[in-house]
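The values are calculated or read from the model by the stated rules, or taken from the named source; none is laboratory data. This one's a predicted model, so the numbers in the text were calculated from it and none came from an experiment. Every residue, glycine as well, gets a Cβ built from its backbone with ideal geometry; the counts of neighbours run over all protein chains shown. For accessibility, only protein heavy atoms count, side chains too; no ligands or nucleic acids. Shrake-Rupley method; radii C 1.70, N 1.55, O 1.52, S 1.80 Å.
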Amino acid sequence: MVGTTHNYEGLRAIAERHGQGHLFQFWPQLDEVQRAELLADVAEIDFELCASLLDEFVRRKPVIPLPERIEAAAILPRRGEGPRDGEYDAARRVGEEAIRGGRVAAFTVAGGQGTRLGFEGPKGAFRISPIRGAPLFQLFAEGLRRVGLRWGVTPAWYIMTSPQNHAETRAFFDAHAFFGLRPADVIFFQQGQMPAFRPDGRMLLSERHRVALSPNGHGGSLRALATSGALADMRRRGVEQISYFQVDNPLVAVIDPLFIGLHVRRGSEMSSKAVRKADDLERVGNFCLADGKLSVIEYSDLPDELARQRNADGTRRFDAGSIAIHILERGFAERVTEGRLGGQLPWHRADKKVSTVDEHGRPVQPAAPNGVKLEMFVFDAIPLARSAMVMYTDRGEEFSPVKNAEGVDSVHTARRDMIRRAAAWLERCGARIPRAADGEPAAVLEISPTFAMDADDLARQLPEPPTIATGAHVLIDEGREWPCADPAASI
Ligand code: UTP
């Protein structure tokens, strides 16, 4: 293995120069395959970058100064509450035109490890929909197919994975025939990784022959878009706007013509959707003007007295919570990713439990956090935009993330919210929804995104409102009978 030997010497020298020679402490005991894996891990590490972060972020807890002035940001109203001057109608038409022209692509960040959900496999493969058990990726694919049916062009779909789940994600799409999309229009690429550190700055091994690497945060998406060639691919295809969303939100409108149109008409480089916060201290990022720049301040960083402030009319002063739905102009993504460290956003430290090995190479499962991970967050790109806008949307329409197996933001709440939204759409079409004493729909309802993308679309599609009996399972899908022939098929 000449190549390996060559790599070994060079890589070991770099590691030692940076005080990380211990990564090779088990080298003499490793077989050829393990050696190759260790070298591949070490080759992933940007030692200079890591060295520059150790003092500020790892050896002590970073002190991130709050901006001097934190003010409320101007947020555009929700659809339906928009200005009466026709701006929203005109914007919607601009968005539709961009879709028809093939100038919009979807972009899902799916590189996370989904540790809280605890599901074996990529999170996008998790079967979430209440009747069919359709996985998250299928729902997004169906949303894109609906866009194609409506406007004649199915947008390209870029999916960012990480080395931890790339192969499995690809295999999942293969096994499901890309959910009816053209494989050439689904583009996968991998994000970068960062090592986990001990508090003294030494990098951790996860096994004797593996560095404890993990994905560098959804903020790593900008750099990965550039380095993977995805931005160049977008340019070739004529894509100008990137519709960004996370893999864990089954309610997301994968492509929203109104949002795209407002973003284009306002000359925004990076746009965002916000929901009104459920309570003052809700654990979502807060849209603010930080020293005059539109920014997201994390709930943990926004001082409580600001989070509790009220306007003169009693409404919350900082009321706009971030839901990780954005449009990025491709040109903006290109501009901020130029140069060697292009696309690098501020680092955030998280103290985590990292499986590792002791000095004899025996596995150690820590009971308390033993490692420091560093991640970038995509919303930190917003202040880099020359112009940025935020619009409110309804939480029940567009946001219900699957973060946990149980409790808040869980499998249960996401399914419940899918049913609630289906009920609201069907009611808008004139259906009568049976309801339990607590007001929840007393039927299991599912609308396939290929059938309708919103309530208006559903109204256009339904020949007449279906009759929904208490306890029924009603699936509204292309070419299917409803109510659902086989309620047992529901999950
Ligand atoms: P989360 O912050 O919820 O993290 O990601 P996670 O890794 O999915 O889950 P936990 O914290 O381990 O339980 C929000 C979104 O950002 C993506 C995730 O895939 C998800 O769509 N993400 C997160 C990445 O693409 N890369 C990352 O490095 C981190």
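If you filter region 116-170 for GluC sites (Glu not before Pro), then keep DSSP loop positions with at most 15 other Cβ within 10 Å, what is left?
Details: sites: Glu120, Glu142, Glu168; in loops: Glu120.
In loop regions of region 116-170 (DSSP not H, G, I, E or B), the sparsely surrounded GluC sites (Glu not before Pro) are Glu120.
Each residue, His412 and Gln29, gets one label point 7 Å from its Cα in the Cβ direction; the gap between the two is 4.5 nm.
Taking the inverse of the mean reciprocal distance over all distinct Cα pairs, the Kirkwood hydrodynamic radius of region 182-305 comes to 18.3 Å.
Using DSSP to call loops (not H, G, I, E or B), can you name the trypsin sites (Lys or Arg not before Pro) in region 3-77 whose Cβ has at most 16 other Cβ atoms within 10 angstrom? Before the final figure, lay out each step's value.
Numbers: sites: Arg12, Arg17, Arg35, Arg59, Arg60, Arg69; in loops: Arg59, Arg60, Arg69.
Qualifying residues, ordered by number: Arg59, Arg60, Arg69.
Once C-alpha pairs closer than 8 Å and six or more residues apart are averaged by separation and normalised to the residue number of region 271-400, the relative contact order reads 30 percent. Here the chain carries DSSP beta bridges of which approximately 60% are antiparallel, counting only pairs with both residues inside.
Between Glu359 and Ser52, the contour length at 0.36 nm per residue exceeds the alpha carbon distance by 107.9 nm.
The dipole here belongs to region 334-491: it is taken about the Cα centre, uses +1 on the Cβ of Lys and Arg and -1 on the Cβ of Asp and Glu, and is about 500 debye. Structural descriptor for region 343-491: relative contact order 14 percent, calculated from alpha carbon pairs under 8 angstrom and at least 6 residues apart.
Accessible surface of region 168-283, 1.4 Å probe: 45 percent of it comes from carbon and sulfur atoms. Residues in the chain average 45 Å² of solvent-accessible surface per residue, probe 1.4 Å, ligands and nucleic acids excluded. The simple spin-label model puts a point 7 Å past each Cα toward its Cβ; for Glu282 and Arg60 those points are separated by 3.7 nm. This model, with +1 at the C-beta of Lys and Arg and -1 at the C-beta of Asp and Glu, gives region 1-96 a dipole about its Cα centre of some 360 debye.
Farthest toward the positive end of the dipole of the chain, out of Leu23, Ala212, Val147, is the Cα of Val147, where the dipole comes from beta carbon charges about the Cα centre.
Tally up the carbon and sulfur contribution to the accessible surface of region 303-454 as a whole percent, 1.4 Å probe, everything protein left in place. Let's see the in-between values first.
Working: 3400 of 6830 Å².
For region 303-454, the apolar C and S fraction of the accessible surface comes to 50 percent.
Helix content alone sets the calculated 222 nm mean residue ellipticity of the chain: runs of n ≥ 4 DSSP H residues at -39500 (n - 2.57) each, divided across all residues, give -8500 deg cm²/dmol.
For GluC sites (Glu not before Pro), the sites in region 324-360 that DSSP calls loop and that have at most 15 other Cβ atoms within 10 Å are Glu338, Glu359.
What do you get for the angle between helix 411-428 and the principal long axis of the chain? Use alpha-carbon atoms, 0 to 90 degrees, nearest ten. Here the helix axis deviates by roughly 30 degrees.
The dipole here belongs to the chain: it is taken about the Cα centre, uses +1 on the Cβ of Lys and Arg and -1 on the Cβ of Asp and Glu, and is about 360 debye.
Less than 5 angstrom separates the built amide H of Arg316 from those of Asn311, all sequence-distant by 5 or more or on a different chain. So if we plug the beta-carbon distance of Glu440 and Glu87 into 1/(1 + (r/R0)^6) with R0 = 30 Å, what FRET efficiency do we get, rounded to 0.05? So, using R0 = 30 Å, E works out to roughly 0.25.
Dividing the mean sequence gap of close Cα pairs (under 8 Å, 6+ apart) by how many residues the chain holds gives a relative contact order of 19 percent. Each residue of region 197-202 is assigned a 3J(HN,Hα), and the resulting list reads 10, 6, x, 8, x, 6 Hz, derived from the Karplus form 6.51 cos²θ - 1.76 cosθ + 1.60 (θ = phi - 60°), x at Gly and Pro.
Rounded to the nearest Hz, the phi-derived 3J(HN,Hα) couplings of region 461-467 under the Karplus curve 6.51 cos²θ - 1.76 cosθ + 1.60 (θ = phi - 60°) are 8, 6, x, 7, x, x, 8, where x marks glycine and proline.
Close amide H partners of Tyr158, meaning residues 5 or more places away or on another chain with modelled amide H under 5 Å apart, are Ala106, Phe107, Thr108, Ile187.
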